[in-house]
Amino acid sequence: MGSPRPRHSPSRRDQLLDVAIELFYEHGYHATGMDDIGRAAGITGPGIYRHFASKEAILSTAVEVGATQILTRVHDIVDHAASPEAALKALIRNFIRATLNKPELASILLNDRQVFTPDTREFVDRAEADHLKQWLRQLRALRPDLSAAEARTMIHATAGLLAAVLRSPTGLERARLEQVLQGMAEASLFAQDRVRPPGRLAPPPAATPEPVDAHRRSRRPRRRDLILDSAADLFAERGFAGTGIDEIGAAAGITGPGVYRHFASKDEILKCLVQEAVERLLGTDSTRPLVADDDPEEVLTDLVIKLVNDTRDNAALARVAWNEQRSLGPETRAWLLRLHRLRSAEWVHLVSRIRPETPDLELLTLVNGIYGMVIEAAQHDQGLKEEHTREVLINMVLRVVLPPAPTRRRSIDR
């Protein structure tokens with residue numbers, strides 16, 4: 001009998017997993033080949049097959065190992081916490097550190113599920129459901145005033161707040177960033193007071209946006225509208241890379257090649273959708289210049305209400321613009337980044353009038369977080385009535401963005 005085959009070094013295997021996840025995050029899963037992974041890891045592409053049977057196996061292994069580590073820590077926290085409040089604070093801290101320690105893997109777990117194999121997707125779905133159950137149990141023990149649907153909505157929104165740092169890093173020093181994110185998450189979940197003044201939830205009837213289809217029909221031929229509507233829904237559900245031209249055409253009621261009579265490529269469709277999202281979201285939430293008699297908190301409250309309403313009214317567009325930035329061409333991505341920075345600077349300027357003691361980098365982290373909160377909540381339907389969902393989100397955002405002060409506490413009747 002021959003000698004047993006030597007076992008491969010775990011360090012080489014771990015290196016391949018780390019390199020692959022970085023490449024999948026930077027370039028996208030579909031655009032990354034085994035040769036790319038091998039080259040980045042310093043071995044030949046075929047050499048990878050001594051460790052992994054396929055690119056799919058690399059992704060599945062990395063994702064399943066990462067999800068298992070996070071969930072093991074979650075159960076350890078829950079099993080040993082002295083109280084629901086202590087457990088929830090530790091769960092928040094665990095989420096933050098897991099995200100910051102491996103941001104590329106965290107981003108793939110949060111945003112790229114459409115590229116997973118069915119078995120890996122099922123594994124991650126089960127892990128996420130277990131994770132959510134642990135958060136939900138602690139939050140409802142701490143906040144018995146919440147229904148299960150309210151608590152789930154708040155947890156998803158808070159996860160979006162924490163994960164927003166992946167898309168919009170501010171350069172804040174790591175230890176301080178952890179503290180800021182922890183404080184934001186606790187403010188969003190723990191506080192029970194309502195800070196929204198009465199009668200400020202929804203815009204007046206005349207200001208309610210018309211349906212997306214009607215808005216589009218007023219500006220484009222109907223067939224083009226249908227293609228964009230269909231693409232927005234498919235990109236939001238399956239991701240840009242996981243959607244083909246034929247699928248877009250079928251959803252719009254035409255053949256795949258018929259799409260090319262209106263758009264040169266799938267990339268052009270995405271670009272048009274992002275431009276529309278900017279027009280309807282970023283382009284409409286600019287803060288008005290403050291004058292001497294303005295109350296900055298009142299201006300901010302109006303802005304938050306508009307942010308929530310506009311995002312909820314354009315949920316698919318918001319999700320595509322938020323999730324598919326890496327799929328854009330360099331010029332479009334740079335243009336979107338400039339607009340994002342301008343919008344963020346406006347918010348930071350306004351919030352600094354209310355929180356003058358807070359450094360700008362911390363305010364920028366806060367601003368990025370509230371966008372992540374609102375958009376993440378739009379990706380999960382928890383069965384709440386739409387008006388109530390908006391109320392929950394508006395109050396969560398205001399609790400995060402306004403400084404804690406007993407003199408500010410405002411309450412409204414349910």
Checklist line | Selected residue [within 19 Å of the chain's Cα centre (by Cα), over 30 Å from residue 272 (Cβ atoms) and in a helix (DSSP H, G or I)] from 396, 373 | finding: 396
Note to self: Which count do you get for residues in the stretch 345-376 that are of a type outside the set (A, V, I, L, M) and crowded, with 18+ Cβ neighbours inside 10 Å?
What the structure shows: 8
Check: Counting just the residues of the stretch 377-387 that are part of a loop (DSSP other than H, G, I, E, B) and over 9 Å from the mean Cα position of the chain (by Cα), which one comes out surrounded by the most Cβ atoms within 10 Å (Cβ to Cβ)?
Finding: 378
Margin query: Quick check on this structure: which one of 141, 98, 86 is among the small types (Gly, Ala, Ser), within 21 Å of the chain's Cα centre (by Cα) and either surrounded by 17 or more Cβ atoms within 10 Å (Cβ to Cβ) or part of a helix (DSSP H, G or I) (or both)?
Written below: 98
Notebook entry, point to check: Filter the stretch 36-79 for residues that are touching a residue at least 60 places away in the same chain (Cβ under 8 Å) and among the hydrophobic types (A, V, I, L, M, F, W, C); which is surrounded by the fewest Cβ atoms within 10 Å (Cβ to Cβ)?
Noted result: 71
Next item on the list: Name the residue, out of 166, 189, that is modelled with pLDDT of 90 or more and either farther than 17 Å from residue 378 by Cα or surrounded by 15 or more Cβ atoms within 10 Å (Cβ to Cβ) (or both).
Entry: 189
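The values are calculated or read from the model by the stated rules, or taken from the named source; none is laboratory data. Just so it is clear, the model here is predicted, and its values are computed rather than measured. A quick note on method: Cβ atoms are made from the backbone with ideal geometry, for glycine too, and the neighbour counts reach across all protein chains shown.
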